[in-house]
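All remarks here apply to the structure that follows.
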Amino acid sequence: MIKADYPAEYLPQIIEDYKRNPFIEALPPIMPSVEAAVDALSVKPDYNEAERELSTYSRQHSTMRLNRYFQPLYIHLDIEQRVSRCIRQGYVSRNPITPQYVRRYQQIAQRFEPADYRSVRTTGIGFTIIGVSGVGKTTAIERVMSLYPQCITHTRYAEKPFFVNQVTWMKLDCPYDGSIKGLCMKFFSELDRILQTGYAKSFPASRNTVDTMMEKMSVLAHTHGLGALIIDEIQHLSQAKSGGSEKMLNFFVTLVNTIGVPVILIGTPKALPILQSEFRQARRGSGQGDLIWEHMKNDDSWEIMIHSMWKYQWTRYKCHYTEEMKNTLYEETQGIIDLAIKLYGITQIKTIYSGMERVTAEIIRESAAESMKLVKPMLEALRSGDMRKIMQYEDIRPISIEDYLTVYARQTLPTKDTISNISLEEQAVVKLIEMEIPAKTARACVKKVLAGQKTGQSLGRVIHKAFKLTLNMETQNPLVEAPLDKKDLRNVSAEESYNQLNEAGVLSNDKDEW
């Protein structure tokens, strides 16, 4: 494995607090506008209209492209700005070229004492994201963090040697049992993945206490200039043994207030009782205001997402975007982004295999009834608006396009002998369509070429022969099928031609002109 590092390039800073700090100057520039942020966050998979003419077997693969689709919405832009401020503000008090930074390292290494959050000043640089499963919390934070190189290698700053491997961010899933030791081991393993080090072997769980591992974790976070620590699935703290959740939350506050590492917590509504308990962790995670991410409303944001996604159709007949389609998708998914994208893909699979080849509101509802049985209780809870009911369903397994596709694929799976021909045929048809040959003509010519030849032909050979056939069809068909036009002089005798020209006054009766 190659270390995914990024050589430091120091950019001038406009904000005074950010100047003369290599950790900040090495970061990508702050987004200059909303348009720039939307462009940077968007993920629009490649799409070719010609793919609509592919076979059923081929188009089923194309629907998987919807899993990569990402349309930035207002909430994603909000998270991008929060993260941008969070990381930079965390580095303001951790400038590695100052004497204070070195002294702080010595203090952490020599006298690590977990701070009591009740007596430590809030720094106001972390925040919490709470939302039901499927709204896109994890996808959003991962998409935002992808804008930052995870490891920046420093070798020289201000004409002086400066050797540091800066880790701008790290994302960990909270252990299912809420174990602090498990979280520390995940931290060491992830740091090893990023830096190609061996910390996990140096601090095995079997030979180290929880306090020792927390101390080493804090030292390494400071040494490598960790920009932000993201803890996902924070609701798992509800499974922690007696006192475990309090100790872990206390440790997060220590990272924020003693070391200065911003901590971003992500979880479902089940985490709310933990964060709002007597520990007052809710206040600690509100440096920039907590983000309570509810399921989307049927508003402008929903319309932007659905309308932008709608062009990704692989059915033979193109179905235009309508208010009915938008409203039906919302009603069946209750504004859960993950469910909406997958339901759209599943609907296409259903209509492609059925032969109907078009998306309708009725097919959307039928697909939802077939494929979303597992999440039906959660959708009913969302419709009710009762938070107590919603909190019961945070772990419901989301639907899968792949699983649904498998059911249909078994019904029409091609034999081994036909797979290569199907692939060759489809590739040739697509190429001809790209050459502006009508789809029906392209398919007919390719089939004719393949039917009259032995197997093992190259794609280029098939395209060449099929293209020649299309040219012959263009030059021959009009003469064979079209009725003769008596006004066309090429279709009448010489005598008739002379009479027509004479009647039209084109010929002169003056023999002197000849």
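The values are calculated or read from the model by the stated rules, or taken from the named source; none is laboratory data. Predicted, not measured: the structure shown is a model, and the values here were computed from it. A quick note on method: Cβ atoms are made from the backbone with ideal geometry, for glycine too, and the neighbour counts reach across all protein chains shown. Heads up: the accessible areas ignore ligands, DNA and RNA and are worked out on the full protein's heavy atoms, side chains in. Shrake-Rupley method; radii C 1.70, N 1.55, O 1.52, S 1.80 Å.
Some observations on this one:
- Qualifying position, being in contact with a Phe, Trp or Tyr (Cβ under 9 Å, 6 or more places away or on another chain) and hydroxyl-bearing (Ser, Thr, Tyr), among Ser179, Ser245: Ser245
- Count of the range 157-183 residues which are hydroxyl-bearing (Ser, Thr, Tyr) and either surrounded by fewer than 17 Cβ atoms within 10 Å (Cβ to Cβ) or on the phi > 0 side of the Ramachandran plot (or both): 1
- Any hit, the range 209-224, residues being at pLDDT 85 or above, under 18 Å from Thr168 (Cβ atoms) and assigned to a loop (DSSP other than H, G, I, E, B): yes
- Residues in the range 61-72 that are farther than 17 Å from Val144 by Cβ and open to solvent by 20 Å² or more (accessible area, probe 1.4 Å): His61, Met64, Arg65, Asn67.
- Wholly enclosed helices (runs of 4 or more DSSP H) of the range 1-75 bearing at least 2 residues of a type in the set (Gly, Ala, Ser): 34-41, 56-62
- Residue list for the range 145-161, restricted to those being of a type in the set (Val, Ile, Thr) and closer than 30 Å to Asp232 by Cβ: Ile152, Thr153
- Within the range 20-60, the set of residues being touching a Lys or Arg at 6+ places or on another chain (Cβ under 9 Å), within 23 Å of Ser308 (Cα to Cα) and open to solvent by less than 10 Å² (accessible area, probe 1.4 Å) comprises Leu41, Ala50, Arg59.
- When residues of the range 330-352 are limited to those that are without any contact (Cβ under 8 Å) to a residue 40 or more places away in the chain and not hydrophobic (A, V, I, L, M, F, W, C), the one surrounded by the fewest Cβ atoms within 10 Å (Cβ to Cβ): Glu331
- Here Asp46 meets each of (1) under 27 Å from Leu265 (Cα atoms); (2) acidic (Asp, Glu); (3) free of Cβ contacts under 8 Å to residues at least 60 places away in the same chain with one exception, condition (1).
- Scanning the range 76-107 for residues that are in a helix (DSSP H, G or I) and of a type in the set (Lys, Arg) yields Arg82, Arg85, Arg88, Arg103, Arg104.
- Subset of the range 297-322 [open to solvent by 80 Å² or more (accessible area, probe 1.4 Å) and of a type in the set (Asp, Glu)]: Asp300
- For Ile231: the one exception among (1) surrounded by 19 or more Cβ atoms within 10 Å (Cβ to Cβ); (2) in a helix (DSSP H, G or I): (2)
- Taken over the range 448-464, residues that are closer than 24 Å to Gln60 by Cα and loosely packed, with under 15 Cβ neighbours inside 10 Å amount to 1.
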